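Where a number appears in this text, it was derived from the coordinates with a stated rule and is not lab data. Because the structure is a prediction, the values reported are computed rather than measured. So basically every Cβ, Gly included, is an ideal-geometry build from the backbone, and we count neighbours across all protein chains shown.
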Amino acid sequence: MDAISDNNPVYERIRETVSGNDVVVFMKGTPVFPQCGFSALVVQVMTLLGVQFKGINVLEDPEVRDGIKAFSDWPTIPQLYVKGEFVGGCDIIKEMYEAGEIQSFFDSKGIATQPQAPEQAAGQGEG
Ligand SMILES: N[C@@H](CCC(=O)N[C@@H](CS)C(=O)NCC(=O)O)C(=O)O
């Protein structure tokens with residue numbers, strides 16, 4: 001980030017958001033109604049882990065949609081921030097989840113998780 005873009009007003013808003021919330025997902029749509037499959041997947045992982053997060057709908061704010069890409073130096077949405085640090089997009093979160101690493105990642109950051117039981121996660125109980 002160069003000195004000029006560092007002064008971009010949207011960066012200040014982004015900084016406030018990621019420093020004021022432990023877990024933030026910049027996404028398309030809302031956590032309840034994601035409007036893109038990539039964003040939906042990240043929401044799904046957070047939900048499976050029971051991680052509380054703030055969703056920022058970039059579709060409502062073109063400045064944030066563009067600004068977050070430059071701020072993170074990452075070309076796409078969704079973007080996960082934990083404790084003010086960029087973690088990754090959909091593919092990275094999916095890989096961490098599939099590798100069984102994401103729970104220990106949140107533990108290491110001091111973020112509370114409440115993982116669902118596999119049958120809840122799959123949406124199919126025995127009864
Ligand atoms: N491979 C990406 C998938 C996400 C992606 O390709 N996002 C696209 C389509 S939703 C995007 O943000 N395009 C730029 C834009 O829509 O502003 C990841 O791991 O997150």
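Listed by first and then second residue, the pairs with beta-carbon distance under 9 Å, at least 6 apart or on different chains, first residue in the range 58-83 and more than 14 Å from T17 (Cα to Cα), second more than 11 Å from the ligand (Cβ to nearest atom) and among the hydroxyl-bearing types (S, T, Y), are A70/S5; A70/Y11. Scanning the range 13-40 for residues being within 16 Å of the ligand (Cβ to nearest atom) and of a type in the set (D, E) gives a total of 0.
Residues are listed down the side, and each one gets a yes or a no for (1) among the hydroxyl-bearing types (S, T, Y); (2) in contact with a strand residue (DSSP E or B) (Cβ under 6 Å, 6 or more places away or on another chain):
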residue	(1), (2)
C36	no, no
L49	no, no
L59	no, no
I68	no, yes
P75	no, no
P78	no, yes
D91	no, no
Y97	yes, no
T113	yes, no
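For the range 49-72, a tally of residues being surrounded by fewer than 17 Cβ atoms within 10 Å (Cβ to Cβ) and either more than 14 Å from the ligand (Cβ to nearest atom) or within 10 Å of the chain's Cα centre (by Cα) (or both) returns 3.
Do the conditions hold for A112, that is, is it aliphatic (A, V, I, L, M), surrounded by fewer than 16 Cβ atoms within 10 Å (Cβ to Cβ) and not in a loop (DSSP other than H, G, I, E, B)?
Numbers: aliphatic (A, V, I, L, M): yes; surrounded by fewer than 16 Cβ atoms within 10 Å (Cβ to Cβ): yes; not in a loop (DSSP other than H, G, I, E, B): no.
In short, no.
For the range 73-92, filtering for residues that are surrounded by fewer than 21 Cβ atoms within 10 Å (Cβ to Cβ) and part of a helix (DSSP H, G or I) leaves 2.
Number of residues in the range 99-109 that are of a type in the set (D, E, K, R) and either surrounded by fewer than 13 Cβ atoms within 10 Å (Cβ to Cβ) or more than 16 Å from the chain's Cα centre (by Cα) (or both): the value is 2. Against the numbered list (1) within 12 Å of the ligand (Cβ to nearest atom); (2) part of a helix (DSSP H, G or I), Q103 comes up short only at (1).
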